Amino acid sequence: MPYLPLRMIIWDRRTALVPLDPNAPEQGALLLSGPGPVTALQALFEQIWQQATRFGQERGRERDGALRDQESAMLGLLAAGLTDEVIARKLGVSVRTSRRITAELMQRLGARSRFQLGALATQRGWLAS
């Protein structure tokens, strides 16, 4: 997957550990053991697992020059106003890699700023307006 919506650990389908704040995991975690929340987190995991690509297989660009999943995720996270550090954490990459992906998108569209990147991506239909 290009990024994970939530980092979590699930044990034996009965207990889950999730961050108190997904954007600041250093603030601590919450241990869940009730069947309702753990079942919901397990369903989220299963849904993401079904959509994921096998490790080592890269999803290439579509024939029409469309975005790769990771590039699309990057645009959505940038549009949400997240910092480079949070975006990198959500994508599971380093901050440097996150910035490289942004720079490549800017170059691809001829954007001189992140704001212009968002505007041009919206014009192309890559980002919902």
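The values are calculated or read from the model by the stated rules, or taken from the named source; none is laboratory data. Since we're looking at a predicted model, the values are computed, not measured. Reconstructed Cβ throughout: ideal geometry from the backbone, glycine too, with neighbour counts over all protein chains shown. For accessibility, only protein heavy atoms count, side chains too; no ligands or nucleic acids. Shrake-Rupley method; radii C 1.70, N 1.55, O 1.52, S 1.80 Å.
Just to check your reading of the model, which residue among ARG96, ARG59 is within 30 Å of GLN116 (Cα to Cα), open to solvent by 60 Å² or more (accessible area, probe 1.4 Å) and modelled with pLDDT of 90 or more?
Exactly one of ARG96, ARG59 is within 30 Å of GLN116 (Cα to Cα), open to solvent by 60 Å² or more (accessible area, probe 1.4 Å) and modelled with pLDDT of 90 or more, namely ARG96.
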Taking the stretch 16-42 and keeping only residues that are among the aliphatic types (A, V, I, L, M) and at pLDDT 90 or above, one is left with ALA16, LEU17, VAL18, LEU20, ALA29, LEU30, LEU31, LEU32, VAL38, ALA40, LEU41
* Asked: Mind checking whether some residue in the stretch 110-124 is in contact with a Ser or Thr (Cβ under 7 Å, 6 or more places away or on another chain) and of a type in the set (S, T, N, Q)?
  -> yes
A careful count of residues in the stretch 74-87 that are aliphatic (A, V, I, L, M) and either at pLDDT below 90 or open to solvent by 60 Å² or more (accessible area, probe 1.4 Å) (or both) gives 2
Scanning the stretch 2-28 residue by residue, those within 21 Å of VAL86 (Cα to Cα), open to solvent by 60 Å² or more (accessible area, probe 1.4 Å) and more than 17 Å from the chain's Cα centre (by Cα) turn out to be ILE9, LEU20, GLU26, GLN27
